[in-house]
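K.L.:
My questions all concern the structure below.
The values are calculated or read from the model by the stated rules, or taken from the named source; none is laboratory data. The structure presented is a predicted model; accordingly, all values stated were derived computationally and were not measured. So basically every Cβ, Gly included, is an ideal-geometry build from the backbone, and we count neighbours across all protein chains shown. For the accessible areas, the whole protein counts, side chains as well, though only heavy atoms, and no ligand, DNA or RNA atoms are used. Shrake-Rupley method; radii C 1.70, N 1.55, O 1.52, S 1.80 Å.
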Amino acid sequence: MQKLIVHGGTKLRGEIELQGSKNSALPILAAAYLCSGKCVLHNCPKLTDIYAASRILNSLGCKCTFSGNTAEIIPSESDYAFISDELMREMRSSIIFLGALLGRHKKCTVSYPGGCELGPRPIDMHLAAFRKMGVEISENFGKVVCNVRKKVHGTKISLAFPSVGATENIMLCAVLAEGETIINNAAREPEIQDLAEFLRRCGAKIKGDGESRIVIEGVEKLGGCEYSVMSDRIACATYLSAVAGAGGEAIIHKACLNCIEPFISLLDQTGCSIYTLDEGIYVRSGLRLKAIESCIRTMPHPGFPTDAQAVFMAALLKSDGTSVFEENIFDCRYRHTDAMKKMGADIKVIGKTAVVQGVDRLYGANVEATDLRGGAAMVIAGLMAEGTTEVSKICYIDRGYEEIEVYLRKLGADIRRE
Ligand code: UD1
């Protein structure tokens, strides 16, 4: 079992180039399944979840290979449309392959993704949308069995909540469907735009991505393309939080400021200096951070991202004053707070609210990552603490961060993997 050993107390200083976005690369890999030509994806992060997606593609008859950060996907000719339980479980967002399967096949079966570290993972909105598009679905013994009589068809879908996964799944199903699909109350996350752009390059007709109403006109077939995945805005928020919390200055290259504007505007309120550069962000953190006066509410984009909640909380642990978080997306997203309290943090969690009272000192401790972003937050707390912090169960962290210790060492952190 690997762990990260962090010796805290060092100010960070240096430059890094962000990895490609996991949340963008995963649906794009699923989209490649729809293509009849070869796809070459650059800037694919080297992550366990990405390799799990490539195993799903290979199990479906594609040939997905990696060379560094570039993935090449040769399309499948096979009619095989079943994803095993084991493969579905390897990755939380494996359900994203269902939309792609429905775009190509009349019958397909996947396992129900089940729950995860963040709580239940319902897919009712995904399935309701597919049903409206002409898919007969039965849910038997943890399996989702789908049948399409003729071909999936376009329709008007109004989502009760702007779910990222449901929006992506509907897009994947709709690009090859018959007629027009309109998604109202669609998710507006930048990763949706990245997926749409990839699909457009392959020949799909999509308008309105990045807005609440997406219109997709189905086409006969998609070709392939060469595409570069957007950079990871959550990794960006993570490294910015590390510098903010531990102090120092850094340049994060390849950062898209617009994509994480809600995070940046709060970081700005902590007293950090932030400047935009050409394709990058400079951050400097000097004296004690100021606590955030208004409640930090996680919301769908363009609100404050749920994925940045834990890492920003870590940055504020030693701030001057009290900050209040409200987690509105997932039920179990404060599990990192127990580890932080073990390190001396003052946090009170009541339902979906967490109250963080800044403390003067944090102390190194042995802690276990509870989930991907929570694990990264513990590493940041370790950088801010006196003494040594050992973070175990880092398989969670490796799901979303490409060698987090290498990136942090480039910023001067004293951290190693054991
Ligand atoms: C969510 C985040 C996304 C983040 C990703 C990984 C939001 C809106 N989405 O996307 O930014 O990158 O996690 O951490 O912040 N839900 C249902 N029924 C459904 C689908 C979803 O009730 O069929 C609920 C979920 O339980 C959850 C909420 O909707 O409470 C958000 O879900 P969704 O956006 O679909 O989650 P992800 O796609 O995983």
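K.L.:
Need pairs with beta-carbon distance below 9 Å; first residue at positive phi and within the stretch 126-153, second of a type in the set (Gly, Ala, Ser); sequence gap 6+ or separate chains.
P.N.:
134/177; 142/111; 142/114
K.L.:
Out of curiosity, is residue 234 in contact with a Phe, Trp or Tyr (Cβ under 6 Å, 6 or more places away or on another chain), closer than 30 Å to residue 336 by Cα, touching a residue at least 24 places away in the same chain (Cβ under 8 Å) and crowded, with 19+ Cβ neighbours inside 10 Å?
P.N.:
No; evaluated as a whole, the condition is false for this residue.
K.L.:
Let me ask something else about it. How about the stretch 285-299: which of its residues are crowded, with 18+ Cβ neighbours inside 10 Å, within 16 Å of the ligand (Cβ to nearest atom) and either polar (S, T, N, Q) or farther than 17 Å from residue 355 by Cβ (or both)?
P.N.:
Of everything in the stretch 285-299, just one residue is crowded, with 18+ Cβ neighbours inside 10 Å, within 16 Å of the ligand (Cβ to nearest atom) and either polar (S, T, N, Q) or farther than 17 Å from residue 355 by Cβ (or both), namely 298.
K.L.:
Answer yes if at least one residue in the stretch 310-322 is open to solvent by 40 Å² or more (accessible area, probe 1.4 Å) and within 14 Å of the chain's Cα centre (by Cα), and no otherwise.
P.N.:
no
K.L.:
Something else now. Which members of the stretch 26-70 meet the condition of being in a strand (DSSP E or B), closer than 13 Å to residue 229 by Cα and of a type in the set (S, T, N, Q)? Break it down stepwise before answering.
P.N.:
Keep residues of the stretch 26-70 that are in a strand (DSSP E or B), which gives 35, 39-42, 63-67, 70.
Remaining after also requiring closer than 13 Å to residue 229 by Cα: 39-42, 70.
Scanning the stretch 26-70 gives a single hit, 70.
K.L.:
Please tell me if residue 307 is within 16 Å of the ligand (Cβ to nearest atom) and acidic (Asp, Glu).
P.N.:
Numbers: within 16 Å of the ligand (Cβ to nearest atom): yes; acidic (Asp, Glu): yes.
So residue 307 passes the test.
K.L.:
Another question, if that's okay. Of the residues that make up the stretch 356-368, is at least one within 16 Å of the ligand (Cβ to nearest atom) and in contact with a helix residue (DSSP H, G or I) (Cβ under 7 Å, 6 or more places away or on another chain)?
P.N.:
no
K.L.:
Would you call residue 348 over 23 Å from the mean Cα position of the chain (by Cα), charged (D, E, K, R) and either within 16 Å of the ligand (Cβ to nearest atom) or crowded, with 20+ Cβ neighbours inside 10 Å (or both)?
P.N.:
Judged against the criteria, residue 348 is not a match.
K.L.:
For the stretch 71-113, name all the residues that are in a helix (DSSP H, G or I), open to solvent by 30 Å² or more (accessible area, probe 1.4 Å) and in contact with a strand residue (DSSP E or B) (Cβ under 8 Å, 6 or more places away or on another chain).
P.N.:
85, 89, 92
K.L.:
Which residues, taken from the stretch 369-402, are more than 15 Å from the chain's Cα centre (by Cα) and without any contact (Cβ under 8 Å) to a residue 60 or more places away in the chain?
P.N.:
Passing the criteria: only 369.
K.L.:
Okay, moving on. Could you tell me whether any residue of the stretch 81-95 is small (Gly, Ala, Ser) and touching a His at 6+ places or on another chain (Cβ under 7 Å)?
P.N.:
Checked the stretch 81-95: at least one residue is small (Gly, Ala, Ser) and touching a His at 6+ places or on another chain (Cβ under 7 Å).
K.L.:
Taking the stretch 118-149, which residues are more than 9 Å from the ligand (Cβ to nearest atom), assigned to a loop (DSSP other than H, G, I, E, B) and surrounded by 19 or more Cβ atoms within 10 Å (Cβ to Cβ)?
P.N.:
133, 134
K.L.:
Shifting gears a bit: Look through 227, 282, 275, 239 and report the one residue that is open to solvent by less than 30 Å² (accessible area, probe 1.4 Å), farther than 18 Å from residue 380 by Cβ and out of contact with any Gly (no Cβ under 6 Å at 6 or more places or on another chain).
P.N.:
227
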